[in-house]
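J.: Next up is a structure, given as structure tokens.
The values are calculated or read from the model by the stated rules, or taken from the named source; none is laboratory data. The shown structure was predicted, so the numbers you read here are calculated from the model rather than taken from an experiment. Ideal geometry is used to build each Cβ from the backbone, glycine not excepted, and the neighbour counts take in all protein chains shown.
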Amino acid sequence: MYTDTERCVRAVQSKDARFDGWFFTAVLTTGIYCRPSCPVVPPKPENMSFYPSAAACQAAGFRACKRCRPDATPGSPEWNERADVVARAMRLIADGVVDREGVPGLAGRLGYSARQVERQLGAELGAGPLALARAQRAQTARLLIETTALPMAEIAFAAGFASIRTFNDTVREVFALSPSELRARLPKGSTPAPAGGALALRLPFRTPLTPDNLFGHLAATAVPGVEEWRDGAYRRTLRLPHGRGVVALAPAPAHVDCRLTLTDLRDLPVAITRCRRLLDLDADPVAVDERLSADEVLAPLVAKAPGRRVPRTVDEAEFAVRAVLGQQVSTAAARTHAARLVVAHGETVDDPGGGLTHLFPSPGALAGLDPEQLALPRGRRTTLTTLVGRLADGTLRLGADSDWDEARVRLAELPGFGPWTVELIAMRGLGDPDAFLPTDLGTRRAAGHTGLPGTPAALTARAARWRPWRAYALQYLWATDDHPVNVMPPTAPARPVPRTTSRKR
């Protein structure tokens with residue numbers, strides 16, 4: 001979009017927050033860059049230049065605006081809508097792969113040479129992987145400076161900088177303030193978290209957002225010990241590259257409140273990225289709802305509750321295991337099966353503030369499980385053990401770098417994996433916005449409520465007009481059913497108990 005100068009100028013002049021993250025405005029006369037919705041008086045069009053990423057602005061010598069904080073905008077929805085090499089690279093960079101494995105590691109995961117990755121990212125985003133990762137480190141540093149009382153030296157290494165000097169230089173270059181000056185600008189009376197305490201953050205999103213089915217689904221399908229609904233927030237444990245974490249996420253009108261407790265602060269950017277992915281916060285609800293509202297059946301559903309998101313996951317392998325456990329059983333039964341695996345094979349965690357007890361077991365921990373100990377039909381035991389075996393030995397990889405179509409083919413080759421399981425993993429595990437489940441019980445019931453075709457083939461043909469947003473169309477259709485996944489849980493600490501129905505999600 002940043003190449004459409006006239007459209008970008010209109011967005012800046014109208015301070016349209018819908019375009020935050022789609023492009024960035026560099027002001028030639030001041031040397032700063034802003035988000036489109038910056039509250040200051042817009043510059044003259046001839047003084048504006050537009051860039052596709054914060055990293056490109058920084059590489060061109062512009063510094064971040066102190067008013068609108070463009071480095072903290074929602075991510076571009078493009079990286080969640082596409083599965084090409086650039087989109088996959090951006091998802092991996094956000095997941096911290098460049099910081100942990102370098103550019104060669106990023107290229108190896110994508111199956112390209114480092115030079116090809118550099119070229120493609122530079123052509124589309126105006127910056128290479130190192131510059132994009134550097135921009136992310138700067139934002140992490142700012143978060144730690146403003147939300148914790150950690151010494152600057154600890155913040156530098158937690159944010160991923162190789163030296164304190166590089167940390168100081170980068171922060172000064174990006175924000176036109178030293179780290180100490182950034183902290184000094186905090187409002188009086190603010191109390192940053194002490195070292196080791198929970199970090200209180202705000203996760204921005206593009207409005208509108210209807211949280212009912214998003215948080216309702218996560219709470220109703222929560223695995224005891226790994227997830228819970230407590231005090232108006234969805235809480236869960238996180239397995240992260242350098243340690244563990246516990247996160248609490250609660251919806252607010254203009255953001256999601258996020259409280260993170262981490263054993264290693266180097267995991268902060270990864271944890272934030274995974275929480276945003278879990279709640280689908282980088283989606284573009286205006287584009288989605290505009291397309292779906294053109295359908296006479298979906299139009300009233302969209303108008304009633306615009307901005308529905310697709311509840312996703314923080315761990316693709318975990319979700320694949322849970323999808324198998326949920327085959328042909330009720331929501332309550334799927335939770336029970338998953339809870340047994342957690343108790344038998346999960347790692348224990350400390351959670352003084354709640355009832356979380358375990359991390360969900362990794363594929364490696366599940367690879368040696370005895371199928372005879374599983375309270376599952378024999379065929380599903382084979383399905384589960386084959387899946388975890390392939391995930392553990394690396395012959396099947398599910399992650400931010402997955403090509404959605406290729407992953408579908410690889411999953412369909414496994415015993416017991418039919419279209420329902422494959423599409424469910426594609427939608428909630430891998431994040432394909434066009435995944436579609438015409439055979440799902442909830443979909444069939446919604447078709448009956450709304451007058452849509454009842455057979456999978458006819459419904460699939462009818463759904464062609466919803467592309468590329470069929471996964472979002474399903475959220476609106478499923479919401480027509482009276483089921484706990486569609487209702488925000490109460491704010492009381494007690495965990496809600498889902499009804500025992502045969503809903504297969």
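J.: Of the residues 88, 142, only one is modelled with pLDDT under 95, more than 20 Å from the chain's Cα centre (by Cα), part of a helix (DSSP H, G or I) and of a type in the set (Lys, Arg); which?
T.: So the residue among 88, 142 that is modelled with pLDDT under 95, more than 20 Å from the chain's Cα centre (by Cα), part of a helix (DSSP H, G or I) and of a type in the set (Lys, Arg) is 142.
J.: I would also like to ask the following. Out of the residues in segment 402-455 that are in contact (Cβ under 8 Å) with a residue 60 or more places away in the chain and among the polar types (S, T, N, Q), state the one that is nearest to residue 321 (Cα to Cα).
T.: Here the residue is 421.
J.: Scan segment 244-279 for residues that are over 13 Å from the mean Cα position of the chain (by Cα) and assigned to a helix (DSSP H, G or I) and report the count.
T.: Residues flagged as over 13 Å from the mean Cα position of the chain (by Cα) and assigned to a helix (DSSP H, G or I) within segment 244-279 amount to 4.
J.: List the residue pairs whose Cβ atoms are under 6 Å apart, where the first residue sits in segment 234-251 and is within 15 Å of residue 217 (Cβ to Cβ), the second is assigned to a strand (DSSP E or B) and among the β-branched types (Val, Ile, Thr), and the two are 6 or more positions apart or on different chains.
T.: As it stands, the answer is 249/256, since those pairs meet every condition given.
J.: Would you check if there is a residue in segment 297-304 being in a helix (DSSP H, G or I) and more than 20 Å from residue 468 (Cα to Cα)?
T.: First pass over segment 297-304, keeping only residues in a helix (DSSP H, G or I): 299-304.
Going one step further and asking which of them are more than 20 Å from residue 468 (Cα to Cα), we end up with 304.
So far as segment 297-304 goes, yes, one or more of its residues are in a helix (DSSP H, G or I) and more than 20 Å from residue 468 (Cα to Cα).
J.: Further question: Where residues in segment 306-328 are more than 21 Å from the chain's Cα centre (by Cα) and in a loop (DSSP other than H, G, I, E, B), which of them is farthest from residue 431 (Cα to Cα)?
T.: Here the answer is 328.
J.: Here's something else I'd like to know. Condition first: surrounded by fewer than 18 Cβ atoms within 10 Å (Cβ to Cβ) and in contact with a helix residue (DSSP H, G or I) (Cβ under 6 Å, 6 or more places away or on another chain). Can you find one or more residues in segment 313-330 that meet it?
T.: no
J.: Count, please, the residues in segment 158-169 that happen to be modelled with pLDDT of 90 or more and either in a helix (DSSP H, G or I) or surrounded by fewer than 22 Cβ atoms within 10 Å (Cβ to Cβ) (or both).
T.: Counting residues in segment 158-169 that are modelled with pLDDT of 90 or more and either in a helix (DSSP H, G or I) or surrounded by fewer than 22 Cβ atoms within 10 Å (Cβ to Cβ) (or both) gives 7.
J.: A further question follows. Return the pair list, or none, for Cβ contacts closer than 6 Å from residues in segment 295-314 that are on the phi > 0 side of the Ramachandran plot to residues that are surrounded by fewer than 22 Cβ atoms within 10 Å (Cβ to Cβ) and hydroxyl-bearing (Ser, Thr, Tyr), at least 6 apart or on different chains.
T.: 307/210
J.: Also, quick follow-up: If I go through segment 145-157 residue by residue, how many of them are buried (at least 22 other Cβ atoms within 10 Å of the Cβ) and not hydroxyl-bearing (Ser, Thr, Tyr)?
T.: Taking segment 145-157 and keeping what is buried (at least 22 other Cβ atoms within 10 Å of the Cβ), we get 145, 148, 155-156.
Filter once more, keeping what is not hydroxyl-bearing (Ser, Thr, Tyr): 145, 155-156.
Looking only at that region, the number is 3.
J.: OK, next. Can you run down the residue pairs with Cβ atoms below 7 Å, 6 or more apart or on separate chains, where the first is in segment 318-332 and farther than 15 Å from residue 385 by Cβ and not assigned by TED's automatic domain parsing to the domain that holds residue 400 and the partner is at pLDDT 95 or above and assigned to a helix (DSSP H, G or I)?
T.: Close Cβ pairs (under 7 Å, with a partner that is at pLDDT 95 or above and assigned to a helix (DSSP H, G or I)) do not exist here.
J.: Then there is this: Do you know which residues across segment 338-379 are surrounded by fewer than 16 Cβ atoms within 10 Å (Cβ to Cβ), among the small types (Gly, Ala, Ser) and either under 23 Å from the mean Cα position of the chain (by Cα) or closer than 23 Å to residue 398 by Cα (or both)?
T.: 364, 368, 379
J.: May I pose another question? Which one is surrounded by the fewest Cβ atoms within 10 Å (Cβ to Cβ), of the residues in segment 6-52 that are touching a helix residue (DSSP H, G or I) at 6+ places or on another chain (Cβ under 8 Å) and hydroxyl-bearing (Ser, Thr, Tyr)?
T.: Among those residues, the one meeting the criterion is 29.
J.: Continuing with the same structure: Among the residues of segment 282-304, are any within 17 Å of residue 228 (Cα to Cα) and not assigned by TED's automatic domain parsing to the domain that holds residue 16?
T.: Scanning segment 282-304, I find no residue that is within 17 Å of residue 228 (Cα to Cα) and not assigned by TED's automatic domain parsing to the domain that holds residue 16, so the answer is no.
J.: On to the next question. Take the conditions more than 29 Å from the chain's Cα centre (by Cα) and closer than 30 Å to residue 301 by Cα and apply them to residue 438. Does it pass?
T.: When the stated conditions are applied, residue 438 does not pass them.
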